[in-house]
Amino acid sequence: MPTPHAQLIHDVRLALGREIDVLLWPNVNAVLESDGRKMRTGMTPGASDLVGVGPGGCFLAIEVKAGHDNVKPHQQRFIDLVEKRGGTAGVARSVEDAWSIVRRAREKDRGE
């Protein structure tokens, strides 16, 4: 049985994956150890759980939080950086929250 976090990521990808103007990939951030050396996977520490291309070709980032999980400072910095550079990013605690982030990206694309 998947964790609530993994299930929510799955549900968001399933819901938004049907949209022609949204393409998301899971960003798996992890630290692996091999031969006594640590290797980091993923984009960068704090990068959102789902990243991709949104309406109008903008960078889209969705940080998924299940239950009472809080956004960590380095995750908020990533979200703020994406927004500052013209992309759309946010936190989704539900599929509806993820839809809200996509709606905001569409509004930006239309110049609203």
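Excluding same-chain neighbours fewer than eight residues apart, the lysines reachable from LYS108 by a Cα-Cα span under 17 Å are LYS84. Taking other C-beta atoms within 10 Å as the exposure proxy, ILE101, ILE20 rank ILE20, ILE101 from fewest upward. In a simple Cβ point-charge model (Lys, Arg +1; Asp, Glu -1; nothing else charged), region 5-112 has a dipole of about 240 debye relative to its Cα centre. Projecting label points 7 angstrom from Cα along Cα→Cβ for GLU33 and HIS68 puts them 3.0 nm apart. Beta bridges assigned by DSSP with both partners in the chain are antiparallel in approximately 70 percent of cases. Database remark: amide H of VAL64 closer than 5 angstrom to the amide H of ASP49, LEU50, ALA92 (H placed geometrically; neighbours at sequence offset of 5 or more, or on other chains; Pro and chain starts carry no H). The aspartates and glutamates within cross-link reach of LYS72, meaning a Cα-to-Cα straight distance under 20 Å and a gap of 8 or more places when in the same chain, are ASP49, GLU63, ASP80, GLU83, ASP97. Across region 6-21, the residues whose backbone nitrogen lies under 14 Å from the label position 7 Å along the beta-carbon direction of SER94 are 12.
No lab work stands behind these numbers, since they all come straight from the coordinates. Quick caveat: nothing in here was measured; it's all calculated off a predicted structure. Every residue, glycine among them, receives a Cβ derived from its backbone with ideal geometry; neighbour counts consider all protein chains shown.
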